[in-house]
Amino acid sequence: MRTGSKAVPGTIARTSSFLDERLGAARFLNRNLRKIFPDHWSFLLGEIALYSFVILLLTGTFLTFWFKPSMGHVIYDGAYAPLKGVQMSEAYASTLEISFDVRGGLLVRQIHHWSALLFIGGMMIHALRVFFTGAYRKPRELTWIIGVTMLALALLEGLTGYSLPDDLLSGAGLRVTEGVIMSVPLVGTYVTFFLFGGEYPGDDVVSRFYSLHILLIPGALLALISAHLVLMWVQKHTQMPGKGRTRTNVVGAPLYPSFMAKTGAFFLFTLGAVAGLGTFAQINPVWLYGPYSPADISAGSQPDFYLGFLEGALRLMPAWEVNLLGTGHVGTVPLSVVVPALVPLGVVLTGMLLYPFIEQWITGDRREHHVLDRPRNNPHRTAIGMTAVVFYGVLWLLGANDEIASTFHISLNATTYAGRVLVIAGPVLAYVITYRICLGLQRSDADLIGHGVPTGVIRRLPGGAFTEAHTPLAEDIEAHLRGKEAVPVLTAPNGSSVPSPRMRGPVGRLRARMSVAYGGQKVPLDEEQERDRSLTP
């Protein structure tokens, strides 16, 4: 076998022929190594989460060699002098051992913690990118559902890992978790006793959380990530609108060598970032908190950012309860705990899962979408997304209402009452403001299409008036702006003005009104040109 004038070594040639004849490896590799990936910075957001997960697996494996998931009592006799002779759990003692006695243990533990924060933060930002650009639409609904499920599992994974060191801070968070589970009607008590192995705090919760944290949840996440990547690989990549980009092609660079070099470098950047944070930014110094005791509590304790919304919801909710089966503890449902625990996250996650199908039902759009929307071009969707962001942000911020009150010398009651107003008014204002901003940006695009780019050069016309000179848009920028598509609206069959029978009932009429409000071309790109022509004498 020869390539040009150079002979291929016989061993390589025979091995290559053997694999190709039996597995078709040559055709498989040729097809997949030349797969095109779009070249846009926003597509790297999902890779942040992916690489953070890889770092989590590597650092977590290292930590399992020394961590002891036991609540058995020991007397500490390690390197950290202030806690010598203190009784604590084996879990907490082994965490101190990792931090002070294992070479590189503290660095790896901090890298693990920072990677966990980056993993969940990267998933959130990636989900926002997918939502705002409409990348969840047909044929990617299943990919979106898998992504939302991974986000929910990541939150649970963070909760179980946060509780493992058995220090005073994690114990306070675990106490909140126990109260939330206990408040669930009918099954709360049984789940709590099963999880804790009896009355709180029990003797089994750390070992059971450990099994969830290193086996069950990572296994489920790994399976879902694999399915997510397979679906992404099999389906055509989405891409931003632009010159030469259509529903039938993908403009970008091939997997090999371009994308592999880029994604390899990005993995190293991610690793370098979390390693730098683990080296120079201290996080979760458990030795300062001491071992957990149900009788102790620390002021100003805060969970990691991804659980801050739960803390805020619990602090804002009034002390309401409902007696379903008469007075007494049997039928009492503490709404002050059940509602914050289940409603905010349930509304957001359920809304995310159902949104692709709700939008499809409203617009009647069943086409395949491979070119993304700019967020401004679907103002209602973007406004809904910002509503969820502000709702989460208010709850997250008010999870620290005691710190806010203490730092700024404000009444704690005043911050709580303000939070109760903001949690409702904030999302409404976010919707209205975002919608108006999107329309303004659409008008700006229409102005650029109609007049071009302002040059800053002022010219005097023969009649004495002054005007600013404009230059035409660059071809690629204009193609990017003209990639805008009107949001579909339900229409009568065959162009008739008579609606179909199923659209004549109350639900059908509501659907039609929602479709008109949600869809349509809010600001046509040629609006400015048409207005100028109407003003021309």
(request) Restricting things to alpha carbons, tell me how big the stretch 400-455 is in terms of Rg and Dmax, in Å. (result) 19.8, 54
(message) Per residue, how large is the accessible surface of the chain? Use a 1.4 angstrom probe and give square angstrom.
(response) 54
(request) Return the calculated 222 nm mean residue ellipticity for the chain, to the nearest 500 deg cm²/dmol, obtained by summing -39500 (n - 2.57) across DSSP H runs with n ≥ 4 and dividing by the residue count. (result) -19500 deg cm²/dmol
(request) Let me have the relative contact order for the stretch 315-452, percent, based on Cα pairs under 8 Å that are six or more residues apart. (result) 26
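Tell me whether the stretch 229-360 comes out rounded, prolate or oblate; compute the Cα gyration tensor, take square roots of the eigenvalues as a ≥ b ≥ c, and use a/c under 1.5 as the rounded threshold.
oblate
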(message) Checking a compactness column here: for the stretch 31-131, what do you get for Rg(Cα) / (2.2 N^0.38 Å), N being the number of residues?
(response) 1.53
(message) Please report Rg (one decimal) and Dmax (integer) in Å for the Cα set of the stretch 159-305.
(response) 22.5, 67
(message) What do you get for the angle between helix 141-163 and the principal long axis of the chain? Use alpha-carbon atoms, 0 to 90 degrees, nearest ten.
(response) 30
(request) Can you check how the C-alpha radius of gyration of the chain compares to 2.2 N^0.38 Å, as a plain ratio? (result) 1.20
(message) Can you tell me the orientation of helix 105-133 relative to the chain, as the angle in degrees between its alpha-carbon axis and the longest Cα principal axis, to the nearest 10?
(response) 30
(request) Quick one: what are the phi-derived ³J(HN,Hα) couplings along the stretch 48-56, Karplus 6.51/-1.76/1.60 with θ = phi - 60°, whole Hz, x for glycine and proline? (result) 4, 5, 4, 6, 5, 5, 4, 5, 4
(request) Beyond 22 Å between alpha-carbons counts as too far, so tell me which of Lys35/Lys262; Lys138/Lys484; Lys262/Lys484 fall in that bin. (result) Lys262/Lys484
(message) Using a Förster radius of 60 Å, what is the FRET efficiency between Phe18 and Ser444 based on their Cβ-Cβ separation? Nearest 0.05, please.
(response) 0.50
(message) Output needed for the stretch 373-519: three equivalent-ellipsoid semi-axes, defined as square roots of 5 times the C-alpha gyration tensor eigenvalues, in descending order, whole Å.
(response) 39, 33, 13
(message) I'd like the orientation of helix 379-398 relative to the chain: the angle between its Cα long axis and the longest Cα principal axis, in ° from 0 to 90, rounded to 10.
(response) 20
(message) Could you work out the relative contact order of the chain? I mean the mean sequence separation of Cα pairs under 8 Å and 6+ apart, divided by the number of residues, in percent.
(response) 16
(message) At 7 Å along Cα-to-Cβ for each site, give me the label-to-label distance between Tyr417 and Arg366 in nm.
(response) 5.4
(request) Would you pull out the residues with amide H under 5 Å of Lys35's amide H, same chain only if 5 or more places away, H placed 1.01 Å from N? (result) Leu255, Tyr256
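Rounded to the nearest 0.05, what FRET efficiency do Tyr80 and Met260 give with R0 = 35 Å and r taken as the Cβ-Cβ distance? Could you check?
Working: r = 45 Å, r/R0 = 1.28.
Efficiency, from the Cβ-Cβ distance: 0.20.
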(message) I need the shape label for the stretch 298-380. Rule: rounded when a/c is under 1.5, else prolate if a/b > b/c, else oblate, with a, b, c from the alpha carbon gyration tensor.
(response) oblate
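The values are calculated or read from the model by the stated rules, or taken from the named source; none is laboratory data. Just so you know, these numbers come straight off a predicted model, no measurement behind them. Every residue, glycine among them, receives a Cβ derived from its backbone with ideal geometry; neighbour counts consider all protein chains shown. We work out accessible area using only protein heavy atoms, side chains counted, and drop any ligands, DNA or RNA first. Shrake-Rupley method; radii C 1.70, N 1.55, O 1.52, S 1.80 Å.
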